[in-house]
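Q: The structure follows.
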Amino acid sequence: MKISFITTIETNPGDDFVRCGIEYLLGQAGIDFSPHHINKHNALSRFAGLHDDREAGIDVMRSSDLVIQSGAPFYWKVGESTGANVDWVKPIYRERLFLYQPQVPFINLAAGSCVGPKDSAATILADLESVEFIRQVSAISTLNTVRDQLAGDLLSALELEHHVLPCTAFWASSRWQQRRGVKKANLIAVNLMPAGGHYNFWETVDPVWWESQCRLVTQELNKRYPVNSVFVAHSRDECDWALQLGWPVAKIYYSVDYRAYLELYSHCRAGLFNRLHGAVALAGFGRPSLMIGNDSRLLMADELGLPRFWASQVVAEQILLNFDTMLADEVDRERELKSLKQSKEKIYVELLCDAIGELSNQKSKRNNVWRWLAGMVRER
């Protein structure tokens, strides 16, 4: 089965974790597939070959047996920017997927929301273009799963079928462990971002206050865990930020390969994260994290039962106290996370089996129609 994943490539390890988890779940559903990764930031990647191949070959989306929208904040509104007017919507959806129906099956997995900390589903519902686009995507999708309750509330308000489940990055560790095995966990992973999240769109985070609290957290964690704490940078900018906060160069980790991060996370016993998918991936190993964010992506934590804080409300002393509490209960947390992972995996696999089965039936019906038409033509 040829499956095209709408994703990013060498952009954000979190997107790789999401896709890796989906690939694991497809395997658990007994689906044998060959993947093609469509970099939504590079329209050329819809063609056969590498994502930077500049030869216009076969449009792999059109020739795919299935196209999967792989995670990402799919439902968002930040100022004038929305999930309906972002630059990759036109070449991927409006000019292709919407036109290829029903020949090219489509499912939307681990879609999330992104609005401000004081916003709700109503923020997106008030944008008519967004509502129309969401309805169009849902109409062509055989299966819709969302990773946070705000996204679920949005689809419920529109009376669109969906399932609220943990982000598929939760299962990235399972695909990795199939190849590498389980590692001894003793590291403390830390990721702090300059704006308390990807962007400070809502100007809710005072940058001076935020840096002061990050410095206090850094100093205390390096004092408590002089050997075992590590700053995990998911971008080069975060390496510079870590140095600015006082992290020693030897304790800053960065890689261009998402698999290297999974290797590192397999050695971690707990984490403190702004990079939310780092926390979700770590949870897949049964290791808890405290999550900090500045938009509704943070709500992913609720589906995992992990503690979360808005960056605008962070006080170093409170964060450290909650981190201590979490570590004190790490055995229970590990058991809870592993149990949750097992139960939700069963639901996900059943949904995928049902969706693929439905798609197979639809394809069989279409083939029967074509055979009937071909027979009519031959008779004439």
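Any read-out appearing in this document is the output of simple, stated calculations on the displayed coordinates, not a laboratory observation. Quick caveat, the model's predicted, so the values are computed rather than measured. All Cβ positions, even for glycine, are placed from backbone atoms using ideal geometry, and neighbour counts span all protein chains on display.
Q: Most exposed first by the Cβ proxy, i.e. fewest other Cβ within 10 Å, how do PHE17, PHE33 rank?
A: Going from least to most buried by this count: PHE33, PHE17.
Q: Any idea what angle helix 316-328 forms with the longest principal axis of the chain, computed on alpha-carbon atoms, 0 to 90 degrees, nearest 10?
A: The answer is roughly 70 degrees.
Q: If you don't mind, there's one more thing I want to ask. Please label the shape of region 107-212 as rounded, prolate or oblate, based on the square roots a ≥ b ≥ c of the eigenvalues of the alpha-carbon gyration tensor (a/c under 1.5 means rounded; beyond that, a/b larger than b/c means prolate, else oblate).
A: Cα axes put region 107-212 in the oblate bin.
Q: Pick out which of ALA279, ALA301, ALA316 has the largest mean-square fluctuation in a Gaussian network model of the chain, springs linking Cα atoms closer than 10 Å.
A: Evaluated over the chain, the most mobile residue of the options is ALA316.
Q: Where does each of 1-10, 91-100 land if you order them by average Cβ count within 10 Å, highest first?
A: 1-10, 91-100
Q: Sort MET300, MET326 so that the residue with the fewest other Cβ atoms within 10 Å of its own Cβ comes first and the one with the most comes last.
A: Least crowded to most crowded, the residues run MET326, MET300.
Q: Cα gyration tensor of region 182-334, axes a ≥ b ≥ c as square roots of the eigenvalues: rounded (a/c below 1.5), prolate (a/b > b/c) or oblate?
A: Taking the square roots of the gyration eigenvalues as a ≥ b ≥ c, region 182-334 is rounded.
Q: Taking the Cα centre of each part, how many Å lie between region 261-325 and region 75-95?
A: 28
Q: Ok, one more. Arrange the following residues from fewest to most other Cβ atoms within 10 Å of their Cβ: TRP310, TRP247.
A: Ordered by Cβ neighbours within 10 Å, fewest first: TRP310, TRP247.
Q: I've got another one for you. I'd like the GluC sites (Glu not before Pro) in region 125-181 restricted to DSSP loop residues with at most 12 other Cβ atoms within 10 Å, sorted by number.
A: Taking region 125-181 and a limit of 12 other Cβ atoms within 10 Å, the loop GluC sites (Glu not before Pro) found are GLU159, GLU161.
Q: Okay, next question. For the chain, what does the relative contact order come out to in percent, with C-alpha contacts under 8 Å and a separation of six or more?
A: Answer for the chain is 17 percent.
Q: May I pose another question? Name the residues of region 121-135 whose amide N is less than 16 Å from a point 7 angstrom out from the Cα of TYR199 along the C-beta direction?
A: The answer is 124.
Q: Another question, if that's okay. Report, in degrees rounded to the nearest 10, the 0 to 90 angle that the Cα long axis of helix 128-140 makes with the longest principal axis of the chain.
A: The angle comes out near 60 degrees.
Q: Could you grab the relative contact order for region 2-169? Cα pairs under 8 Å, six or more apart, rounded to a whole percent.
A: That works out to 23 percent.
Q: Another question about this same structure. Run a plain Debye calculation on the chain (Cα atoms as equal point scatterers, no solvent) and give log10 I(q)/I(0) at q = 0.08 Å⁻¹, rounded to two decimals, same order as the q list.
A: For the chain, the Cα-only Debye profile gives -0.42.
Q: Let me ask you something else. Given the Cα-Cα distance of SER235 and GLU358 and 0.36 nm per residue of separation, how much length would full extension add, in nm?
A: 40.2 nm
Q: Taking 0.36 nm per residue of separation and subtracting the Cα-Cα distance, what length does fully extending ASN42 through VAL131 add?
A: 29.5 nm
Q: Could I ask something else about it? I need the calculated FRET efficiency for the pair ARG215 and GLN177, taking r as the beta carbon distance and R₀ as 41 Å, to the nearest 0.05.
A: So, using R0 = 41 Å, E works out to roughly 0.70.
Q: Oh, and also: Calculate how steeply helix 207-224 sits against the longest principal axis of the alpha-carbon atoms of the chain, using the helix alpha-carbon long axis, and give the answer as 0 to 90 degrees to the nearest 10.
A: Roughly 70 degrees between the two axes.
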